[in-house]
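Here's the structure we're looking at; comments come further down.
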Amino acid sequence: MNRFPTSYTRMADVTYRHAEKDDCDEIMRLIKELAVFENLVHQVNITSETLKRDGFGEEKLFHCIVAEEKAKSGADTSQLIGYLLYFWSYATFTGRVLYVEDLYVSQNNRRKGVASALWAFAMKVAVAKECKRMQWVVLDWNTDAIRFYQKMGAVDLSKKEGWLIYRLNEDDINAALTL
Amino acid sequence: MSRVSIMADYIIRDARLEDCGEIFLMLKELQEHLKDMDHMTLEEESLKNDGFGEDKFFQCIVAEQKPSGDVKPALVGYLLYCWSYSTSAGRMMVVQDFYVRQTYRTQGTGSALWAHATKVALEKGCREVEWIVHDWNVQAIKFYKKLGAVDMSKGEGWLVYRLDVNAMRSVVATDTVNKQ
């Protein structure tokens, strides 16, 4: 049963497309806004240049979908109001996975269907690539996001299957190598 | 190019296309060990296409017995990982599968696989290696803590979410915005 929210007002002046290299400055701006929201600003260690190298070089480490609001008048330029950043991953019992790393819509453009449209775009990409799954993480206090995911039929695996996320940072990696 | 690390009675090396049969067998052993929580639908052909085709969805390293006489050395463990991306830290390594065959445990094989993987991660400029583990898998958790890894679920409150292919198709079918 589909419970994906489709009853929203479509924003007529917004287009959804694959990101281009020139979008990186704007994407970086939105990444910083998301970090502020998640209280993880101290963890942002990349720049627009990093994004250009990692997303638009020979080896593409990620892909990005953006929501662009057209310029309202001749004097304005269009700007990005949201993005969804993903990469290909693998679930060895099932197969290809589209992993969503970031989903963000700027503060004053919420509740207008932008996130739903970004997500639907990503899902089309996933289905075209024969992915068996989409996967992502969300912070447990982010009730708005959790509600959005539950509405579309996503399952909280931490609760259902008891998954914990483990991480080894650079210092620990170096230390582990000396074991 | 095949990177080789030598230790004890095993070598650690990059997996090759011809390893897929044995990796697939170990994958099924791991599925059993994890109590079949994920239903196995992957086929050996997909493993070959997805890891050794034009688009590589994963990378794999294996622990292989040192050759002895004419007997083809067996694989005794594997570590399968993906390159991922964090908008805070850049390139990351995500370990998807880590498995050592029953009779070869507590001999340093697991540590050797992890040491090889983390070396590759550092060489590629990764600042982090990440993975998930079942909260009941006490043995694995003890191993990870010994490596110095931190439980981020506890530390930062992350929950793992997933949308399966039926739900995805359902959403795409009813999407109106992207059909413009």
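The values are calculated or read from the model by the stated rules, or taken from the named source; none is laboratory data. Everything numeric here is computed off the predicted structure, so don't read it as measured data. Here the Cβ is made from the backbone with ideal geometry for all residues, glycine too, and neighbour counts use every protein chain on show.
Structure summary
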read-out	value
Helices (runs of 4 or more DSSP H) enclosed by region B:47-166 - at least 2 residues per element that are crowded, with 20+ Cβ neighbours inside 10 Å and among the aromatic types (Phe, Trp, Tyr)	none
Condition check for B:VAL4: in contact with a Lys or Arg (Cβ under 7 Å, 6 or more places away or on another chain) and modelled with pLDDT of 95 or more	no
Subset of region A:146-162 [closer than 24 Å to A:ALA35 by Cβ and either surrounded by 17 or more Cβ atoms within 10 Å (Cβ to Cβ) or at the interface with chain B (Cβ under 7 Å from one of its Cβ atoms) (or both)]	A:ILE146, A:PHE148, A:TYR149, A:ALA154, A:ASP156, A:SER158
Conditions (1) in a loop (DSSP other than H, G, I, E, B); (2) among the hydrophobic types (A, V, I, L, M, F, W, C); (3) under 19 Å from A:LEU139 (Cβ atoms): number failed by A:LEU61	(3)
In region A:105-134, the residues that are in contact with a helix residue (DSSP H, G or I) (Cβ under 8 Å, 6 or more places away or on another chain) and either over 21 Å from A:ASP13 (Cβ atoms) or of a type in the set (Ser, Thr, Tyr) (or both)	A:SER106, A:SER116, A:MET123, A:LYS124, A:ALA126, A:VAL127, A:CYS131, A:LYS132, A:ARG133, A:MET134
Those residues of region A:35-52 which are at pLDDT 90 or above and facing chain B (nearest Cβ under 9 Å), in sequence order	A:THR50, A:LEU51
Hey, A:TYR90 within 30 Å of B:GLY53 (Cα to Cα), in contact (Cβ under 8 Å) with a residue 12 or more places away in the chain, within 10 Å of another protein chain (Cβ to nearest Cβ) and crowded, with 22+ Cβ neighbours inside 10 Å or not	no
Residue satisfying condition, being at the interface with another protein chain (Cβ under 7 Å from one of its Cβ atoms), buried (at least 21 other Cβ atoms within 10 Å of the Cβ) and either polar (S, T, N, Q) or under 16 Å from A:TYR99 (Cα atoms) (or both), within set A:VAL127, A:VAL137	A:VAL137
Positions within region A:21-43 being out of contact with any Phe, Trp or Tyr (no Cβ under 9 Å at 6 or more places or on another chain) and closer than 22 Å to A:ASN108 by Cβ, in sequence order	A:ASP25, A:MET28, A:ARG29, A:LYS32, A:ALA35, A:VAL36, A:GLU38, A:ASN39, A:LEU40, A:VAL41
